[in-house]
Amino acid sequence: MKLIGLYYLYFISILITFSLCVVIKHPNSMKKTIDYSRSGDNWVGVCKSGVRQSPISIDRSNRVEKDILKLKYGNSKGNLVWNGSFYKIDLKDTNSKVIFTDIHARPPKEHEYILKRIIFRTPPEHIVQGKVEDMEMQFFHESTDKKLTNNLLAISIPAKITKSKKMVDDWFKNLDTDPKAFTNIEGIDKVMISLKDYFHYAGSQTVPNCVENVNWIVFKKPMLMEQRLFNTLQKNFCKREFPKGNARHIQNNVGREIIEYSLKEE
């Protein structure tokens, strides 16, 4: 009987050890929130029937010598977490906002958008003038006017890997993948102003149900990101589940109005 008991305990210990090994090997065992196995081609609803879906490839635009953005970013903080499909930072305050001018309104009207979330994607979702960088950071803002049709404003910044400490490192302070640790964010506006040129188009969210309620701001030039920071963001990325990354396929932009602007420092 004792021998049977010992074998039983040994068997249980093997199971526990195996389970721990699986956890160690695949730290992001959280269930996938979004299926990227076909990069969005299998999503239903508006994702299939929408007429102004995102992301798009920006290869043409109309140049306008004015600015439709006023950046009013302060110091903010949030938690960097993996939600099963991508890394995100949900902001814990309302210290950062953007004033967006709708030039199609008569007369043109300003709308306030509060920064709510930052999402990291690799490869990038948008293609800018034929260039595909290493990563895309998407800053999602929510309108204070709940009646707006485009109640979201997303600022997309492509990122390029460099060997030296550059732009991104300056405004992501204490970036930590521990969900209990706060990440302090400051100086985002300085980075955006240094990039200067951006495109605007009306599009959709790039996750199901792909609702078409987003004013997209896509910067023309990439910011530089140190390899170490890129590795930190991607160290728990499960290539077995997402071999093609967590970006949605490029959508049709035929007939889409795309306008290029330049940020003006106030």
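The values are calculated or read from the model by the stated rules, or taken from the named source; none is laboratory data. It should be emphasised that the depicted structure is a prediction, and the values quoted were computed from it without experimental measurement. We place every Cβ from the backbone using ideal geometry, glycine too, and count neighbours over all the protein chains shown.
Descriptive notes on the structure:
- Those residues of the stretch 86-126 which are over 19 Å from Asn215 (Cβ atoms) and part of a strand (DSSP E or B), in sequence order: Tyr87, Lys88, Ile89, Asp90, Phe120
So that you can scan it fast, the table gives a plain yes or no per residue for (1) in contact with a strand residue (DSSP E or B) (Cβ under 9 Å, 6 or more places away or on another chain); (2) outside any loop (DSSP other than H, G, I, E, B); (3) at pLDDT 90 or above:
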{"site": "Leu224", "(1), (2), (3)": "yes, yes, no"}
{"site": "Leu233", "(1), (2), (3)": "yes, yes, no"}
{"site": "Phe237", "(1), (2), (3)": "yes, no, no"}
{"site": "Lys244", "(1), (2), (3)": "no, no, no"}
{"site": "His249", "(1), (2), (3)": "no, no, yes"}
{"site": "Asn252", "(1), (2), (3)": "no, no, yes"}
{"site": "Arg256", "(1), (2), (3)": "yes, no, no"}
{"site": "Tyr261", "(1), (2), (3)": "yes, yes, yes"}
{"site": "Glu266", "(1), (2), (3)": "yes, no, no"}
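- Scanning the stretch 184-205 for residues that are assigned to a strand (DSSP E or B) and either more than 18 Å from Lys97 (Cα to Cα) or modelled with pLDDT of 80 or more (or both) yields Ile185, Asp197, Tyr198, Phe199, His200, Tyr201, Ala202, Gly203.
- Among the residues making up the stretch 67-87, a single one is under 18 Å from Trp216 (Cβ atoms) and modelled with pLDDT under 90: Phe86.
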